[in-house]
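**Student:** Provided herewith is a single structure, encoded as structure tokens, for subsequent inquiry.
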Amino acid sequence: MTETVTATGAVDVAELVSQAREGRPRAVARLISLVEGASPLLREVMAALAPHTGHAYVVGLTGSPGVGKSTSTSALVSAYRRAGKRVGVLAVDPSSPFSGGALLGDRVRMGEHASDPGVYIRSMATRGHLGGLAWAAPQAVRVLDAAGCDVVLVETVGVGQSEVEIASQADTTVVLLAPGMGDGIQAAKAGILEVGDVFVVNKADRDGADATVRELNHMLGLGEARAPGDWRPSIVKTVAARGEGVDDVVAALEKHHAWMEEHGELAARRTRRAAHEVETIALTALRERIGDLRGDRRLGALADRIVSGDLDPYTAADELIAGVKEA
């Protein structure tokens with residue numbers, strides 16, 4: 001592998017991107033590490049990757065803990081590889097309270113694909129970020145897209161009713177449920193139910209699988225306000241541990257992808273995703289600049305005026321923002 005670090009110790013971003021485009025795992029890993037570490041080179045990396053992105057189909061997989069997300073992800077990898085597609089996997093795990101790294105390490109659970117050059121698997125830690133994803137996930141997806149992955153599977157941490165950020169980060173969102181978990185539908189109806197494009201009832205060899213499907217169908221029909229031609233989420237039963245029903249999931253994903261392309265929804269979702277990404281970057285930069293003012297006398301003076309009743313918080317915030325713009 002050509003060295004991507006110059007004699008002065010600087011990273012050669014252009015060479016690193018070139019090697020990632022060739023599918024070299026070490027280059028892909030290095031780029032994602034730069035993303036996760038919020039490297040000063042991040043802007044240069046994203047600018048170099050931009051012309052090579054926009055080709056991968058991004059599929060998000062979410063659901064409560066214990067429904068078999070990692071097993072289902074691994075089964076989907078196998079199915080897409082049989083179809084000759086290159087696959088990238090971002091497996092988002094809880095953070096270690098000690099190192100800050102990914103706690104569970106999905107690469108262990110997907111070990112059967114570790115030696116496949118057509119598969120790249122990366123565990124990412126949430127590092128306290130809510131919503132089921134790591135904050136760096138959008139840029140990491142961009143790296144895998146530019147590296148030539150046809151499909152990128154993003155597996156979230158086990159989520160509840162409100163942690164549904166994956167819906168804004170994926171082309172298609174797959175919600176996994178399992179029968180016999182007691183709160184399967186309850187956990188889904190208040191939040192996750194609304195974001196699913198494809199629903200997978202995994203562990204369908206258990207008692208109650210058919211009842212779970214019926215409940216899902218019923219709840220999807222409640223308050224339904226779909227116009228003719230609108231997408232109605234598919235429901236698929238699987239036993240991912242044995243590979244049963246996985247081809248049906250792929251078929252449902254392909255059907256949704258085709259529907260999005262036909263109705264212009266794929267481009268619309270990607271535009272919304274890019275807008276969300278830009279907004280997040282801008283807000284992060286603004287927070288950092290405001291954070292720099294915490295030790296500034298202006299912020300303390302504004303706080304004193306609020307306490308004394310001379311100023312309200314909204315006017316103080318306006319003055320603070322004006323100060324940030326001038327800085």
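**Student:** Can you pull out every residue in segment 48-67 that is over 16 Å from VAL28 (Cβ atoms), of a type in the set (A, V, I, L, M, F, W, C) and not in a strand (DSSP E or B)?
**Tutor:** ALA50, VAL67, listed by residue number.
**Student:** Let me ask something else about it. Give the number of residues within segment 24-38 that are open to solvent by 20 Å² or more (accessible area, probe 1.4 Å) and either closer than 16 Å to ASP150 by Cα or not in a helix (DSSP H, G or I) (or both).
**Tutor:** Looking only at that region, the number is 4.
**Student:** Next question, about the same structure. Could you pull out the residue among GLY245, GLY180 that is modelled with pLDDT under 95 and either at positive phi or open to solvent by less than 80 Å² (accessible area, probe 1.4 Å) (or both)?
**Tutor:** The conditions single out GLY180.
**Student:** Right, next: Check off (1) at pLDDT below 95; (2) in contact with a Pro (Cβ under 7 Å, 6 or more places away or on another chain) for VAL198 and give me the number that stays unchecked.
**Tutor:** Evaluating VAL198 over (1) at pLDDT below 95; (2) in contact with a Pro (Cβ under 7 Å, 6 or more places away or on another chain) leaves (1) as the failure.
**Student:** Among the residues of segment 4-22, is there at least one that is buried (at least 20 other Cβ atoms within 10 Å of the Cβ), at pLDDT 95 or above and in a loop (DSSP other than H, G, I, E, B)?
**Tutor:** no
**Student:** Within the group VAL250, VAL200, VAL236, which residue is open to solvent by less than 30 Å² (accessible area, probe 1.4 Å), of a type in the set (Val, Ile, Thr) and part of a helix (DSSP H, G or I)?
**Tutor:** On the way: VAL200 fails: part of a helix (DSSP H, G or I); VAL236 fails: part of a helix (DSSP H, G or I).
Every option except VAL250 fails the conditions.
**Student:** Now for a different question. Scanning for something within 28 Å of ALA275 (Cβ to Cβ), open to solvent by less than 40 Å² (accessible area, probe 1.4 Å), outside any loop (DSSP other than H, G, I, E, B) and at pLDDT 85 or above, does segment 208-224 turn up at least one residue?
**Tutor:** no
The values are calculated or read from the model by the stated rules, or taken from the named source; none is laboratory data. All values derive from a computational prediction rather than experimental measurement. Positions of Cβ are backbone-derived with ideal geometry, glycine not excepted, and every protein chain shown enters the neighbour counts. What goes into the accessible areas is simple: the full protein's heavy atoms, side chains included, and nothing from ligands, DNA or RNA. Shrake-Rupley method; radii C 1.70, N 1.55, O 1.52, S 1.80 Å.
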